[in-house]
Structure formats: structure tokens, C-alpha cells
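In what follows, a single structure is set out as C-alpha cells and then discussed.
The values are calculated or read from the model by the stated rules, or taken from the named source; none is laboratory data. Since the model is a prediction, treat every value here as computed from it, not as a measurement. Positions of Cβ are generated from backbone atoms using ideal geometry, with glycine treated the same way; all protein chains shown enter the neighbour counts. The accessibility values were calculated without ligands, DNA or RNA, using every heavy atom of the protein model including side chains. Shrake-Rupley method; radii C 1.70, N 1.55, O 1.52, S 1.80 Å.
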Amino acid sequence: MADFGIETAMIFHEGLDLPHFAAFTLYGRPEGRQALGRAAERSFAVAKEAGTGLVLDAETWRANLPWGAVMDLGRDEIAAINAQAVTYARMWRDQNETAQTPVAVNGVLGPLGDGYVPETAPDADEATMDYLTSARAIAVAGADLASAITMTSSAEATGAARAMRDAGLAHAICFTVETDGRLPSGETVGAAIDAVDAEQTEPLFYGINCAHPAHFADALDIPQARKIGMIRANASRLSHVELDAMDTLDAGDPEEWGQLCAGLAQMMPWLRLIGGCCGTDHRHLGCAARCLHGQKNVAA
């Protein structure tokens, strides 16, 4: 199992403010660290009950140089934030990991601009330079792997893959798609995978995140499908534009969400990770775990 949608959970369930949707700001507040710890414990509980391992995120999706500049944070501060996040994730792992529930700490790279506006995405060379600070800090702090998620174009994903490779990180690339199953850049998932593969950075696997399973199930019927190892889906069937305009949470139907994710796993038995993105919480993970592993009491 992988984590659920931390940002939306913190805002709508915990009542915490996240400037610029930056969950890393919670590490600097006692109540924020406590809320992140509770969320980690809920993910551990689902994985333990399901009898699976867990990929636990360091909440660094916004912790990069361009977003740091928006928040008046310099290069050294961004590096320190990434390292701090990995350190907390490792601490929670050490407190909860068991032989039956192994845990991998995952450093997260998010989009350098607005994740849903491809015109703000940098080219591959610029992205490489902007991601290196975060990737190196994640590596030095001892993350087990890193993932670039909510990638809106193959160019930005390529830059992220280069940076993670150059930092010595095992890494994954996760694209977001619109309701038509294409990246916001207009690329198909298959074309985006081919473009990143051409760089020979050797990702562990690719994935899809920040879209409802109904938006991308058909888009996975492609020759590159066996390279897709991760699904981290949204709870809502709404589009990115519709979700951005809302001031309430659309948590969708956790049971349906779990069934759809389980259906994808049946269609693609090589999948390695199932987790959540915007609008999801431990209930969604629990429903997916029940469907996938037959557990009756997961996150009931």
C-alpha cells in the first residue's frame, strides 16, 4: 500500500492551513507534526491489517526551488526541508515497521509550477537543475526511493528523472492525466513513458496519480502497460478544473474507489503500489485493501 491524499486530509479533516498546498509547512508546527504522525499511523494500520508493505511519503511535494521562491525560501532552506521530511518519515517507520509490514520511505518531487497548467512546466534541462537540490537532500537524508508525481509533461518528468538518477536515488515517475486519459500537455501516457525512457534514467516503474480511476482505466491499454507499477488515484470523478473551483471536499465513494483500484490490479497484476491522492484518506485505502486482500476489518 501507499499513502493517501495528505494535503486534502490535512486541510479538510484536520482543519490545518497549508500555504500554497505545501504539506511540508506542517513539520514546523507541533500540531502539524502530530497530524502527520496520525496520518502515518492510519496508513500503517491499513498495511498491517492487509498483510502488505507500505511506501511512506516524506511530504515534500511542494519542497522545490520555484515554490520555495514563492514562499521566500532559499536553496539551503529547501534542502533542509527535504531532509527534515525524510527524517520524520524514517522516525515513523522505525516506530511502526514490522517484519510482516516492511516500510520504504519515499521522497516526493512535485511539479515545479501549477501542476494542472502545462504551460508553466519547464523544459527538461531547467527541470533537472531545479530538482537537483531536493533530490540530493532526499538522498543524503536516507530515503529508500524517490517519486516524481503529478507530472504534467514528459519534459518535466525527464528533468525529474535525471535529477533523481544523478542524486543516486532509485526512483519512479508518476504522471497525472485529465478526464480524457491524456496528460495536461496532451501527450498520451504511452508517449510520455517512451520520452522518459529515451533518457535511460531507468525508473523502477511509472504510475498515474491525481485522477479518478474512471479517467484513466482505458488509457492503460497500451504496449507500455507493464512499465506501470503504481496507481495513486483521486477520490472524486470531477476534473482538475472543477476540483480547483471547489471549497469543500469531494471524497467520492470509498467503497467504489476501492473496487475500481482492485479492478485495475486484476487487469494489471504486475502493479506494485496502490495508494490515494486528492480527497482520499485511510477509508479509501482500507476499502482497496479489503477488495485486494480479502481483509474484513481494514479501516472499518
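Couple of notes before you dig in:
- Among the residues of the stretch 64-74, those that are open to solvent by less than 70 Å² (accessible area, probe 1.4 Å) and assigned to a loop (DSSP other than H, G, I, E, B) comprise ASN64, MET71, LEU73, GLY74.
- When LEU220 is tested against (1) open to solvent by 30 Å² or more (accessible area, probe 1.4 Å); (2) modelled with pLDDT under 95, only condition (1) is not met.
- Residue satisfying all of: in the stretch 75-111; outside any helix (DSSP H, G or I) and touching an Asp or Glu at 6+ places or on another chain (Cβ under 7 Å); surrounded by the most Cβ atoms within 10 Å (Cβ to Cβ) among these: PRO111
- Some residue of the stretch 229-238 being surrounded by 19 or more Cβ atoms within 10 Å (Cβ to Cβ), among the polar types (S, T, N, Q) and under 12 Å from ALA211 (Cβ atoms): yes
- Number of the condition not met by ALA50 [criteria: (1) closer than 21 Å to CYS174 by Cβ; (2) of a type in the set (Gly, Ala, Ser); (3) at pLDDT below 95]: (1)
- Residue identified as within 17 Å of the chain's Cα centre (by Cα) and at positive phi among CYS174, CYS210: CYS210
- Count of residues meeting criterion [over 17 Å from PHE216 (Cα atoms), touching a strand residue (DSSP E or B) at 6+ places or on another chain (Cβ under 6 Å) and buried (at least 20 other Cβ atoms within 10 Å of the Cβ)] in the stretch 241-284: 1
- Residues satisfying the stated conditions in the stretch 110-136, i.e. at pLDDT 95 or above and either under 10 Å from ALA155 (Cα atoms) or out of contact with any Leu (no Cβ under 8 Å at 6 or more places or on another chain) (or both): GLY110, PRO111, ALA124, ASP125, GLU126, ALA127, THR128, MET129, LEU132, ARG136
- Residue pairs whose Cβ atoms lie under 8 Å apart, separated by 6 or more positions or on different chains, with the first residue in the stretch 168-190 and without any contact (Cβ under 8 Å) to a residue 60 or more places away in the chain and within 20 Å of LEU273 (Cα to Cα) and the second assigned to a loop (DSSP other than H, G, I, E, B) and among the hydroxyl-bearing types (Ser, Thr, Tyr), are HIS171/THR201; PHE175/THR152; GLY181/THR188.
- Odd one out for GLU156 among (1) over 23 Å from TRP270 (Cβ atoms); (2) under 19 Å from the mean Cα position of the chain (by Cα); (3) assigned to a loop (DSSP other than H, G, I, E, B): (3)
Residue-wise test of (1) in contact with a His (Cβ under 8 Å, 6 or more places away or on another chain); (2) modelled with pLDDT of 95 or more; (3) not acidic (Asp, Glu).
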| site | (1), (2), (3) |
| --- | --- |
| ARG226 | no, yes, yes |
| ALA233 | yes, yes, yes |
| ASP247 | no, no, no |
| ASP253 | no, yes, no |
| MET267 | no, no, yes |
| LEU273 | no, yes, yes |
| GLY279 | no, yes, yes |
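- Some residue of the stretch 43-63 being open to solvent by 30 Å² or more (accessible area, probe 1.4 Å), part of a helix (DSSP H, G or I) and of a type in the set (S, T, N, Q): no
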